[in-house]
Amino acid sequence: MALLETAGVPNGGVSFWYSQIGRPESGSPLAGDDECDVCIVGGGLTGLWTAYYLAKADPGLRISVLEAEFVGYGASGRNGGWLSAELPGSLARYARGPHGAEGAERLVTALRATVDEVIAVCRDEGIEADIVRGGVVFVARTPAQLARLHADEPEPPAKLLTAEEVTQRIAVAGALGGHLDPDCARVQPARLVQGLAAVVRRLGVTIHERTRVTAIEPGLARTSGGTVRAPYVLRCLEGYTAGLAGQRRTWLPMNSAIVVTEPLGAERWASIGWANSELLGDNAHAYCYAQRTADGRIALGGRGIPYRFGSRTDVDGRTQAWTIESLRRTLADLFPQIADVRLAQAWCGVLGVPRDWCASVSLDPGTGLGWAGGYVGNGLSATNLAGRTLCDLVLDADSDLRRLAWTNRRVRRWEPEPFRWLGVRAMYGLYRIADRRETAKRLDRTSRVGRFADVISGR
Ligand SMILES: Cc1cc2nc3c(=O)[nH]c(=O)nc-3n(C[C@H](O)[C@H](O)[C@H](O)COP(=O)(O)OP(=O)(O)OC[C@H]3O[C@@H](n4cnc5c(N)ncnc54)[C@H](O)[C@@H]3O)c2cc1C
């Protein structure tokens, strides 16, 4: 696994989470044509949760997962480890979909219950993923961020925090207030996805790694190693969807990057607190997200350079020097007391963003083609709920999951290049300007530039 140095920091290697547990051996690729009952394309959490619930519901089903690299190679093995109940997208937009406001409320409730579900499955199946349910703290560090934080009354058990309450938990510089949602947990992403893959294999699911799907058609998935025929073919590729024939404009592969520090000693931790392993995020437009790792480091992520022209993706998680420097500055800004800490690794990955920034889970009973994704950075628990939803759609089970707001909704496609690239660059440029203005001018509400960026992004 190539770990190059960029800006003095080991860069890539898929993710630090794999540096911790070791890169898994890739299993056997598909060798020749095959057939099964359900063919799942993509071995991330969406594909694996779908396989898990299908195999549990009907142990006789022949299920195959086709994965281009190794399971958990994508976002599922690289993410920030926020197992959160956050809705991927806007409640109002979901409410305008085929299942109305009730479907949107059902989705919110189901996502909240999903955090429990993931933790329960991990416990019951013996998946060790460093899970700690410490909640998530969002900190406001400018008056405009505080105004956004106070705009909506938090729904219990979530609550607002004063500046003192934030810093008593985590000594973030310049905190003006915060928001705590206790229903979230920290995980080690690679342990979760590799643990789940082992369970799925034990349940009899076939996983072909180093098997890249080149095209999906009703009843089959084509790969360089052969064609798999199945009445159901499920596309579970999230940020990699654009790499498939005919899907270039379906979901935009949005880049996110993370840096992780060396372990901080007891003295440094004493200056920060963070005793409950909460997840930590901010309320900036170009927001950041962080966790305290099980081995006493800070992993901090953010947007970096958001999008590569033509929907290209990274090589083994290698990110740009600019992004590493930007995350290093964010870390030092949040925690000046550890500004000199060494970074142990940097990496990036892609997540899937639909044109309307809302996720979808669909199955066309006529063709047997289905898909799930577009979780816009909130995929860790959403993949579990999506897997259960896809399972019920395939089995034609009459369940509430089929009436969630994201089920069988249609989303328009992204613009062709160069408009896609220009649009995303402009949007994130504007968000950065908005953050700078709100900070420099101490604005007490979202700057006009930020509101304009929201409009052009279609969020
Ligand atoms: C840096 C980063 C941080 C994030 N942080 C968080 C977080 O803290 N909390 C949260 O909720 N969400 C987070 N997300 C989002 C979340 O990780 C994803 O939404 C989720 O993991 C998507 O899972 P998936 O299985 O749909 O896709 P992926 O995990 O990306 O899996 C897709 C799989 O398909 C494979 N593949 C690609 N092309 C092909 C092909 N042609 N044929 C076969 N296989 C193929 C890939 O190798 C990959 O393994 C983050 C994402 C990133 C990138």
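If you count only protein heavy atoms and use a 1.4 Å probe, how large is the accessible surface of I119, to the nearest 10 Å²?
40 Å²
Quick one: Debye curve from the C-alpha atoms of region 5-82, no solvent, what's log10 I(q)/I(0) at q = 0.16, 0.17, 0.18, 0.26 Å⁻¹?
With no solvent term, the Cα-only Debye profile gives -0.71, -0.78, -0.84, -1.26.
At what distance in nm do the modelled label points of E417 and D340 sit from each other, each positioned 7 Å from its Cα along Cα→Cβ?
Inter-label distance under the simple model: 4.5 nm.
Where a ≥ b ≥ c are the square roots of the eigenvalues of the C-alpha gyration tensor, would you call region 185-269 rounded, which needs a/c under 1.5, or, failing that, prolate if a/b is larger than b/c, or oblate?
Numbers: a/c = 3.31, a/b = 1.75, b/c = 1.89.
Note, shape of region 185-269 comes out oblate.
In percent, what relative contact order does the chain have, based on Cα pairs under 8 Å that are 6 or more apart in sequence?
So the answer I get is 24 percent.
So if each residue of separation counts as 0.36 nm, and I subtract the Cα-Cα distance between A215 and A57, what length gain in nm does that give?
The span from A215 to A57 would gain 54.1 nm if fully extended.
May I ask you to rank R403, R62 by accessible area, largest first, using a 1.4 Å probe over the protein chains only?
Largest accessible area first, the residues go R62, R403.
Between I305 and A245, with labels modelled 7 Å along Cα→Cβ, what's the label distance in nm to one decimal, could you check?
3.1 nm
Mean projection of the alpha-carbon convex hull of the chain over all orientations, in nm²?
Details: hull surface 79.6 nm².
Answer in nm², one decimal: 19.9.
For region 331-459, what % of the accessible area comes from carbon and sulfur atoms, probe 1.4 Å?
Looking at region 331-459 in its full context, I get 53 percent from C and S.
Ignoring ligands, DNA and RNA, what accessible area per residue does region 230-278 give at 1.4 Å, in Å²?
35 Å²
For region 105-211, what D do you get in µm² per second when you plug the Kirkwood radius from alpha-carbon pairs into Stokes-Einstein at 10 °C and 1.306 mPa s? Before the final figure, lay out the partial values.
Values: Rh = 16.4 Å.
D = 97 µm²/s.
Can you give me the angle between helix 448-457 and the longest principal axis of the chain, using Cα atoms only, in degrees from 0 to 90, rounded to the nearest 10?
0 degrees
In whole Hz, with x marking every Gly and Pro, tabulate ³J(HN,Hα) for region 383-400 from phi via Karplus 6.51 cos²θ - 1.76 cosθ + 1.60, θ = phi - 60°.
Values per residue, Gly and Pro as x: 4, 5, 5, 5, x, 5, 5, 4, 4, 5, 5, 5, 7, 6, 7, 7, 9, 4 Hz.
For A7 and R23, calculate 0.36 nm times their separation in residues minus their Cα-Cα distance, and state this gained length in nm to one decimal.
Difference between extended and current length: 3.4 nm.
Just how large is the dipole of region 161-311 about the Cα centre, in debye to the nearest 20, putting +1 at every Lys and Arg Cβ and -1 at every Asp and Glu Cβ?
With Lys and Arg at +1 and Asp and Glu at -1, about 1000 debye.
³J(HN,Hα) across region 213-230 via Karplus (A = 6.51, B = -1.76, C = 1.60, θ = phi - 60°), whole Hz, x for Gly/Pro?
Per-residue couplings from phi come out as 7, 9, 7, 10, 9, x, x, 7, 10, 8, 9, 5, x, x, 10, 9, 9, 7 Hz.
Explain nothing, just the number: relative contact order of region 87-164, from Cα pairs under 8 Å at least 6 residues apart, as a whole percent.
It rounds to 13 percent for region 87-164.
Just to confirm, what accessible area per residue do you get for region 142-204 at 1.4 Å probe, in whole Å²?
So region 142-204 comes to 43 Å² accessible per residue, rounded to a whole number.
Projected onto the charge dipole of region 343-439 (+1 at Lys/Arg Cβ, -1 at Asp/Glu Cβ, origin at the Cα centre), which of S362, S399, G423 gives the Cα projection farthest towards the positive end?
The residue sitting farthest along the positive end of the dipole is G423.
How long are the three semi-axes of the equivalent ellipsoid of region 233-333, in whole Å, if each is the root of 5 times an eigenvalue of the C-alpha gyration tensor, listed from largest down? Could you put the intermediate results ahead of the total?
Numbers: eigenvalues 206, 44, 29 Å².
Sorted largest first and rounded, they come to 32, 15, 12 Å.
What accessible area, in Å² to the nearest ten, does a 1.4 Å probe give for R210?
Only protein atoms counted, so the area is about 130 Å².
Calculated FRET efficiency, E164 and R436, Cβ-Cβ r, R0 25 Å, to nearest 0.05?
According to the calculation, E is roughly 0.35.
If one computes the Cα centroid of region 129-161 and of region 180-229, what distance in Å separates the two points?
Using only Cα atoms, the two centres lie 32 Å from each other.
Can you give the FRET efficiency to the nearest 0.05 for S271 and D124, using r as the Cβ-Cβ distance and R₀ = 56 Å?
Computed FRET efficiency for S271 and D124 comes out at 0.90.
Output the 0 to 90 degree angle, nearest 10, between the alpha-carbon long axis of helix 419-440 and the longest principal axis computed from the alpha carbons of the chain.
It works out to around 30 degrees.
Short version: ³J(HN,Hα) in whole Hz for each residue of region 55-63, in order, from phi by Karplus 6.51 cos²θ - 1.76 cosθ + 1.60 (θ = phi - 60°), x for Gly and Pro, what are they?
With coefficients 6.51, -1.76 and 1.60, one gets 5, 5, 6, 9, x, x, 5, 8, 10 Hz.
Using modelled backbone amide H atoms (1.01 Å from N, in-plane), which distant-in-sequence or interchain residues come within less than 5 Å of C288's amide H?
Answer set, sorted by chain and number: D282.
Before anything else, pin down the relative contact order of region 28-162: Cα pairs under 8 Å, at least 6 apart, normalised by residue count, whole percent. Walk me through the intermediate numbers first.
Numbers: 87 pairs, mean separation 20.9, N = 135.
With pairs under 8 Å counted, the relative contact order is 15 percent.
Could you quote the convex hull projected area for region 402-459, Cα atoms only and averaged over all directions, in nm²?
If I average the Cα hull's projected area over directions, I get 5.6 nm².
Please report, as a whole percent, how much of the solvent-accessible surface of region 205-286 comes from carbon and sulfur atoms (probe radius 1.4 Å).
Details: 1460 of 3000 Å².
Carbon and sulfur: 49 percent of the exposed surface of region 205-286.
Order W82, W406 by their accessible area, 1.4 angstrom probe, all chains in place, largest first.
W82, W406
Rounded to the nearest 500 deg cm²/dmol, what is the calculated helix-only ellipticity per residue at 222 nm for the chain, with -39500 (n - 2.57) per DSSP H run of length n ≥ 4?
Rounded to the nearest 500, it is -10000 deg cm²/dmol.
For region 38-84 and region 300-374, what is the separation of their Cα centres, given in Å?
With region 38-84 and region 300-374 each reduced to a Cα centre, they are spaced 20 Å.
Jot down the per residue volume, in cubic angstrom and as a whole number, of the convex hull over the alpha-carbon atoms of region 341-435.
It comes to 171 Å³ per residue, whole-number rounded.
What's the carbon and sulfur percent of region 1-101's accessible surface, probe 1.4 angstrom, rounded to a whole number?
Result for region 1-101: 50 percent of the exposed heavy-atom area is carbon or sulfur.
With every protein chain present, what is the per residue accessible area of region 345-439 (1.4 Å probe, Å²)?
On the way: 3360 Å² over 95 residues.
Here the per-residue accessible area is 35 Å².
To one decimal place, what orientation-averaged projected area in nm² is obtained for the convex hull of the Cα set of region 61-135?
7.7 nm²
Taking just the alpha-carbon atoms of region 1-144, what radius of gyration and Dmax come out, in angstrom?
19.2, 61
Extension gain R222-E262, at 0.36 nm per residue separation less the Cα-Cα distance, in nm? Before the final figure, lay out the partial values.
On the way: separation 40, 0.36 × 40 = 14.40 nm, distance 4.33 nm.
Extending this stretch completely gives an extra 10.1 nm.
The values are calculated or read from the model by the stated rules, or taken from the named source; none is laboratory data. Since this is a predicted model, take the numbers as computed values, not measurements. Heads up, the Cβs are rebuilt from the backbone with ideal geometry, glycines too, and the neighbour counts pull from every protein chain shown. The protein model used for the area step is the full one, side chains on, heavy atoms only, and it has no ligands, DNA or RNA in it. Shrake-Rupley method; radii C 1.70, N 1.55, O 1.52, S 1.80 Å.
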